[in-house]
2 protein chains.
Amino acid sequence: MAKPLNEKLGRSDVHIEDAFWSSFTELVRETVIPYQWDALNDRIADAEPSYAIRNFRVAAGLEEHPYGGMVFQDSDVAKWLEAVGYSLANHPDPDLERTADDVIDLIAMAQHENGYLNTYFTVKDPGRQWTNLYEAHELYCAGHMMEAAVAYYEATGKRKLLDVMSKFADHIDSVFGPEEGKLRGYDGHQEIELALVKLHQATGEERYLRLAQFFIDERGAEPNFLIEEGKKRDGYSLWAGRNLPIPKVEQLAYNQAHKPVREQEAAVGHSVRAVYMYTAMTDLARLTGDKQLREACERLWNNMTRRQMYITGGIGSTHHGEAFSFDYDLPNDTVYAETCASIGLIFFAQRMLKLEAKSEYADVLERALYNNVIGSMSQDGKHYFYVNPLEVWPKASERNPGRHHVKAERQKWFGCSCCPPNVARLLSSLNDYIYTVSAASNTIYAHLFIGSEGEFELDAGTVELKQQSQLPWKGNARFEFTKVPGSAFALALRIPSWCRGNAALNINGKPAEYKVENGYALINRNWQQGDVIEWEPAVEAQLTAAHPEIRANAGKVAIERGPLVYCLEEVDNDSPLAAVSIVTSSELHASFDSQLLGGSVTIEAEGRVDEQASWQEDTPYRPYAQQQSSRSIQLKAVPYYLWGNRQKGEMTVWIRVVKE
Amino acid sequence: MAKPLNEKLGRSDVHIEDAFWSSFTELVRETVIPYQWDALNDRIADAEPSYAIRNFRVAAGLEEHPYGGMVFQDSDVAKWLEAVGYSLANHPDPDLERTADDVIDLIAMAQHENGYLNTYFTVKDPGRQWTNLYEAHELYCAGHMMEAAVAYYEATGKRKLLDVMSKFADHIDSVFGPEEGKLRGYDGHQEIELALVKLHQATGEERYLRLAQFFIDERGAEPNFLIEEGKKRDGYSLWAGRNLPIPKVEQLAYNQAHKPVREQEAAVGHSVRAVYMYTAMTDLARLTGDKQLREACERLWNNMTRRQMYITGGIGSTHHGEAFSFDYDLPNDTVYAETCASIGLIFFAQRMLKLEAKSEYADVLERALYNNVIGSMSQDGKHYFYVNPLEVWPKASERNPGRHHVKAERQKWFGCSCCPPNVARLLSSLNDYIYTVSAASNTIYAHLFIGSEGEFELDAGTVELKQQSQLPWKGNARFEFTKVPGSAFALALRIPSWCRGNAALNINGKPAEYKVENGYALINRNWQQGDVIEWEPAVEAQLTAAHPEIRANAGKVAIERGPLVYCLEEVDNDSPLAAVSIVTSSELHASFDSQLLGGSVTIEAEGRVDEQASWQEDTPYRPYAQQQSSRSIQLKAVPYYLWGNRQKGEMTVWIRVVKE
């Protein structure tokens, strides 16, 4: 193994206290986590039962029922426990901790003697373990529970679940591997890889890192494991309940198993699987110093974020396979842009930042977070978008089957609810995404501007840093060193792409120059306790155009302000929204509306509405010359993350332009 | 029964001789019909075998094979025979007639003693006749063979197939009906209804008309036959090969069997089924004087053509169920607009014209014919579009599964090839669509401007009329009476919507006034042999806008000239086509290009291309202000029906506008 790159990374401990974000983290703590707990216990009226906890009780021998829910139902319990871990770390809660401890006891009781743990194969299909990696999500569920174990251990210091999952990891290590007699396989849905890296970091066990590496290295190698495995089952599919044709290697692009990961050029296939895998690849590239793997990560990052990403940070442009399609194919109306995929993109971005602090990674992370991800959750924390469209026509969502997957309203909890627990675990660990620390180069990188208190370990010593932020509404973040080590170290402040290079720096009230490195303002000095840094990236409403190859956005602009993408909703504007255009020379007026859904900056602009009065309802086509002049209106745009919280109606991010 | 309205209709006998259309009818005669014959006999290299003729040989007891092809494979033979009938009527061909006679002999041998005729149920599933009307297309296949029988009888005077199908109709009449012990059912795919009307007209048998009426009246009545039938089969589906849930009544909108036809408000469900049914309803409304049925026809016509029809005359905006979606939902890129559906729309329009000569019906008929229908066929007659998009991005067709059904190139013959034989039978009977005749009111209505010689029977006597037309390239049609009865009668010339009221009339070289009635220029006089009428509806290139509720076309125009819709192709313009816009004030230059695919008027206009050079390939989004001024280009539009005949590339009908 080459010299691990992560030796440079320093420990950090950050707690959020932020006007904008605390409401989200509190919503998760006070509403989402308890609501999920009820969901896992089948106590939500008119939601499909989850059976998730019941399955564990059955597997533990406490009750008798048939298995319920999806094959990967265990992962819902895992994601909940992981979110609980993060929540407890930031906000101790003895009652919640007791509930979690009980769940962990139950999980331990469901574990087999040899370490195996999976309620589906324990309850429903005993004896068939490891025979259908392609479909059965066994390693995927294991991975989520490992993530939960690490989070819970780090929050509470309690090892029980960590030990359970280490024992399972040991068992997995005895089943999978390159050695004779072991399975040279991997999961149909990547997740175990990034989880094993976390387990390795929490336990110090090198074997877990090597096992993650094995899964990554083996993926897509010839002969293709998923094909060979399918042949052994005669193509039996547990989803179809009968034999299906053996998948062809090109179909395995869905699972990113069509060729070795190091040879993959573009983001393809199921987008959540993809970003979970890229996350693990990036971890491994950093921890093992694997240059080829790092190049693959950079290549896939570039392809995905520069050619296949919506302006909202959404990825995956087709609901067929919840997948990427191809470069520049970003339809706004038939989009997928799953919430979970953007969360995975955030994981990937965070790992890229650990590999190299480059503002581009944080720009994408922030874009996905402030738009696609928080936009997925309703203000009550109980309704979610799984699909996050950039253009909605409610009637089409109801009556055109090609758009049924695009919902005009957030949905109640599903029996199979991948996205809500993912939102919960991300938002309750958001403190881990604000900074990275290079201990060796004594640098604290501030990627996100979120009010928080942090403690950082540098080679130079311990630093305590308080951040106050007025983002996203105002371009002002204030940093104060409340503890310094006495020798020089650097603070690197991200210059967000949205400020377009216009960011002022004040140190202790005086304007200061700064050096730019990789998109960060780097200020290296012998900081004193009480030093105050004011960082003012310009937050200005502006119009954004899309690359001409993105055909869906031709002749259109989006409105952005700071990290927020804006949209037009029917309730504030005219209908149909397609008849509305924006005067590109018009001034964009931003103003804070304290009445709007908890308070938000809205943006007004001069617009036009195509004349409609002279059209007869039953004239589909007529001479263009009959068109009368368009009418002026005041357009009103609201942040994308707030759409769909007032009434059902049309919505669009991209707006036609009129030059006048 | 009320007084039949059709007593007014007079006999007509028309033969086409037209510069534009003869090439199509000759292509059908010389290439399509022989090619189809080879296809039916499984002699086309690299096409899936049809098995259609083989199935008849097996059913006739001449050979032993398993049944091959779709459950409705018999209908391919029927459509071919029908086209042959029309072709022989216009162009005798003893060899072809001998081949057809042999096929008819074969069909007769496959008929059961009791009159039943269907190779699927004879060969593959004997004993299950009439147990799965929902899926098995038994009456549908019968209907197509009845249409063939009538066409062949009318062309050749030979009764053999007519007798076979009358015997089958008698058998069907003994199986279906309101009487105790008979099936109160109807087919899942409408077709028999319009065919029975034809059989009634050819044979004079009133029972066939009453049977058609029974099928129409019964459809959608409670208790729903298709649901009850499904229960008897335990939901067994021959497509799925297993039991499926019994369809719910709202799902039967797919088959237009969700409510009685007289109560249906909007065009819904599978679009071919819909228009075949509306055609029969219109026939019945006319022949039985059923006012309520007529109102339903008018209501469905209005909904479909005014709110759910593409500018090309395409209908059916979603490939899910090859169906209508809802009012104003006309996406250009995920469109279906099946060729067969536009052909059915032409049938429906023709029947509406028989019910009432109103130019609107002919406008739609012409629109569908000159654009969607002839555009479906390649110049070699051997490749077809089943789906007729208004916007194509070839890469998306290949790589975005939601657009896989939209092909960028015409496809070779399918094993299940519904559209090509439908094109063949329509084009070889095009002579029947030019005129209708009201004998009682002594009026000849000229709906289409297609060079032809016609003989018409009016109450006033026999008229012979020669039409010469320079359409679609020039707005000139010349009519000459070569035989007149000696007393007054009227010629009614359609004022096409595309001339926008600008149509000059000359009689014997002198400008003449005319009265307008229902969109026709009505000239009633004591015509003399040798009288010459010149009719000059203005053919001018013009820009057309779409109703603002049609969101897909917002901010866009189409180019039309006479009956032809135009489009931009990548080969003549820039790529991506989405970056191109048209200057609405620019002059549209039309010129005849004799080199273009057999000669065609192309249209040039001033356009702009969004500046692209300053974009970096890997910058998906950037400030709109960085956009540099667009570049001027000369846009070149070609008739939509010619698209995709040169090289694979982007195509669009709707073009973004720039006002300058």
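The values are calculated or read from the model by the stated rules, or taken from the named source; none is laboratory data. Everything numeric in this text was worked out from a predicted model, so none of it was measured. Neighbour counts run over all protein chains shown; Cβ positions are idealised from the backbone, glycine included. Accessible surface areas use protein heavy atoms only, side chains included; no ligands, DNA or RNA. Shrake-Rupley method; radii C 1.70, N 1.55, O 1.52, S 1.80 Å.
Of the numbered conditions (1) of a type outside the set (Phe, Trp, Tyr); (2) open to solvent by less than 20 Å² (accessible area, probe 1.4 Å); (3) free of Cβ contacts under 8 Å to residues at least 24 places away in the same chain, A:Arg219 fails exactly one; give the number of that condition.
(3)
Checking B:Ile495 against (1) modelled with pLDDT under 95; (2) under 28 Å from B:Ala590 (Cβ atoms): exactly one of these is not met. Which one?
Among (1) modelled with pLDDT under 95; (2) under 28 Å from B:Ala590 (Cβ atoms), B:Ile495 violates only (1).
Scanning the stretch B:637-660 for residues that are within 10 Å of chain A (Cβ to nearest Cβ) and open to solvent by less than 60 Å² (accessible area, probe 1.4 Å), which turns out nearest to the chain's Cα centre (by Cα)? Walk me through how you get there before you give the answer.
Residues of the stretch B:637-660 that are within 10 Å of chain A (Cβ to nearest Cβ), as a first pass: B:650, B:652, B:656-660.
This time we only want the ones that are open to solvent by less than 60 Å² (accessible area, probe 1.4 Å), so: B:650, B:652, B:656-658.
Working: B:Glu650: 26, B:Thr652: 22, B:Arg656: 29, B:Val657: 31, B:Val658: 35 Å.
In this case the residue turns out to be B:Thr652.
Within the stretch B:270-282, can one find any residue that is more than 14 Å from chain A (Cβ to nearest Cβ), part of a loop (DSSP other than H, G, I, E, B) and either in contact (Cβ under 8 Å) with a residue 40 or more places away in the chain or touching an Asp or Glu at 6+ places or on another chain (Cβ under 7 Å) (or both)?
No, there is no match, as no residue in the stretch B:270-282 is more than 14 Å from chain A (Cβ to nearest Cβ), part of a loop (DSSP other than H, G, I, E, B) and either in contact (Cβ under 8 Å) with a residue 40 or more places away in the chain or touching an Asp or Glu at 6+ places or on another chain (Cβ under 7 Å) (or both).
Report, by residue number, each residue of the stretch A:7-28 that is open to solvent by 60 Å² or more (accessible area, probe 1.4 Å) and part of a helix (DSSP H, G or I).
Our first condition is that a residue be open to solvent by 60 Å² or more (accessible area, probe 1.4 Å); within the stretch A:7-28, this holds for A:7-8, A:11, A:13, A:15, A:17, A:19, A:23, A:26.
Once the filter is applied, which keeps residues that are open to solvent by 60 Å² or more (accessible area, probe 1.4 Å) and part of a helix (DSSP H, G or I), the stretch A:7-28 yields A:Glu7, A:Lys8, A:Ser23, A:Glu26.
Just checking, does the stretch B:329-352 include any residue being part of a helix (DSSP H, G or I), among the acidic types (Asp, Glu) and closer than 25 Å to B:Leu430 by Cβ? Before the answer, list the steps.
Keep residues of the stretch B:329-352 that are part of a helix (DSSP H, G or I), which gives B:339-352.
Okay, now just the ones that are also among the acidic types (Asp, Glu), so none.
Looking for residues that are part of a helix (DSSP H, G or I), among the acidic types (Asp, Glu) and closer than 25 Å to B:Leu430 by Cβ, one finds none in the stretch B:329-352, hence no.
Failed condition for B:Ala89, given (1) open to solvent by 30 Å² or more (accessible area, probe 1.4 Å); (2) without any contact (Cβ under 8 Å) to a residue 40 or more places away in the chain, with all others met?
(2)
Checking the condition in a helix (DSSP H, G or I), open to solvent by less than 40 Å² (accessible area, probe 1.4 Å), among the small types (Gly, Ala, Ser) and out of contact with any Leu (no Cβ under 6 Å at 6 or more places or on another chain), which residue from A:Ala83, A:Ala47 passes?
Checking each option against the conditions leaves just A:Ala83.
Hey, can you tell me all the residues within the stretch B:574-594 that are within 28 Å of B:Ile450 (Cβ to Cβ) and assigned to a strand (DSSP E or B)? Give the derivation first.
Looking only at the stretch B:574-594, we keep the residues that are within 28 Å of B:Ile450 (Cβ to Cβ), and these are B:588-594.
Listed by number, the residues that qualify are B:His589, B:Ala590, B:Ser591, B:Phe592, B:Asp593.
Write out, first by first residue and then by second, each pair whose Cβ atoms fall under 7 Å of each other, whose residues are 6+ apart or on separate chains, and whose first residue, in the stretch B:634-657, is more than 19 Å from B:Asn372 (Cα to Cα) and in contact (Cβ under 8 Å) with a residue 40 or more places away in the chain while the second is part of a strand (DSSP E or B) and among the polar types (S, T, N, Q).
Short answer, once both residue conditions are applied: B:Lys636/B:Thr602; B:Arg656/B:Ser581; B:Val657/B:Ser581.
Between residues in the stretch A:38-61 that are closer than 16 Å to A:Met145 by Cβ and residues that are among the hydroxyl-bearing types (Ser, Thr, Tyr) and crowded, with 23+ Cβ neighbours inside 10 Å, which pairs lie under 6 Å by C-beta distance while being six or more apart or on different chains?
Close Cβ pairs satisfying both conditions: A:Leu40/A:Ser50; A:Asn55/A:Thr119; A:Phe56/A:Thr119; A:Ala59/A:Thr119.
Count, please, the residues in the stretch A:559-573 that happen to be facing chain B (nearest Cβ under 10 Å) and either modelled with pLDDT under 95 or in a loop (DSSP other than H, G, I, E, B) (or both).
0
Those residues that are surrounded by 19 or more Cβ atoms within 10 Å (Cβ to Cβ) and facing another protein chain (nearest Cβ under 8 Å), I need them from the stretch A:580-612; list them, please.
A:Ser581, A:Asp610
Taking the condition of being within 14 Å of another protein chain (Cβ to nearest Cβ) and in contact with a helix residue (DSSP H, G or I) (Cβ under 7 Å, 6 or more places away or on another chain), how many residues in the stretch A:511-558 meet it?
Pass one, the stretch A:511-558, residues within 14 Å of another protein chain (Cβ to nearest Cβ): A:538, A:540-558.
Keeping just the survivors that are in contact with a helix residue (DSSP H, G or I) (Cβ under 7 Å, 6 or more places away or on another chain) gives A:538, A:543-546, A:548, A:551, A:554, A:557.
Summing the residues that are within 14 Å of another protein chain (Cβ to nearest Cβ) and in contact with a helix residue (DSSP H, G or I) (Cβ under 7 Å, 6 or more places away or on another chain) in the stretch A:511-558 gives 9.
Among the strands (runs of 3 or more DSSP E) confined wholly to the stretch A:502-545, which include 2 or more residues that are surrounded by fewer than 19 Cβ atoms within 10 Å (Cβ to Cβ) and of a type in the set (D, E, K, R)?
Values: elements: A:503-507, A:515-517, A:520-525, A:532-537.
Where strands (runs of 3 or more DSSP E) fall fully within the stretch A:502-545 and carry at least 2 residues being surrounded by fewer than 19 Cβ atoms within 10 Å (Cβ to Cβ) and of a type in the set (D, E, K, R), they are A:515-517.
Please find, within the stretch A:613-636, the residue that is most open to solvent (accessible area, probe 1.4 Å) out of those that are at the interface with chain B (Cβ under 9 Å from one of its Cβ atoms) and charged (D, E, K, R).
As a first pass, look at the stretch A:613-636 and keep what is at the interface with chain B (Cβ under 9 Å from one of its Cβ atoms): A:615-627.
Among the residues that remain, those that are also charged (D, E, K, R) are: A:617-618, A:622.
On the way: A:Glu617: 115, A:Asp618: 60, A:Arg622: 16 Å².
Ranking the candidates gives A:Glu617 first.
Going through B:Gly177, B:Gly157, B:Gly115, B:Gly127 one at a time, which residue ends up being open to solvent by 20 Å² or more (accessible area, probe 1.4 Å) and farther than 22 Å from B:Ala83 by Cα?
B:Gly127
Rundown of residues vs (1) more than 19 Å from the chain's Cα centre (by Cα); (2) surrounded by fewer than 23 Cβ atoms within 10 Å (Cβ to Cβ); (3) among the aromatic types (Phe, Trp, Tyr), yes/no style:
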site: A:Lys248; (1), (2), (3): yes, yes, no
site: A:Gln251; (1), (2), (3): yes, yes, no
site: A:Arg262; (1), (2), (3): yes, yes, no
site: A:Val275; (1), (2), (3): no, no, no
site: A:Leu287; (1), (2), (3): yes, yes, no
site: A:Cys297; (1), (2), (3): no, no, no
site: A:Ile311; (1), (2), (3): no, no, no
site: A:His319; (1), (2), (3): no, yes, no
site: A:Ala323; (1), (2), (3): no, no, no
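Could you check A:Ser317 against (1) within 11 Å of chain B (Cβ to nearest Cβ); (2) in contact (Cβ under 8 Å) with a residue 24 or more places away in the chain and say which number it fails?
(2)
Of all residues in the stretch A:284-314 being more than 8 Å from every other protein chain (Cβ to nearest Cβ) and part of a loop (DSSP other than H, G, I, E, B), which is nearest to A:Asn553 (Cα to Cα)?
By that ranking, first place goes to A:Tyr310.
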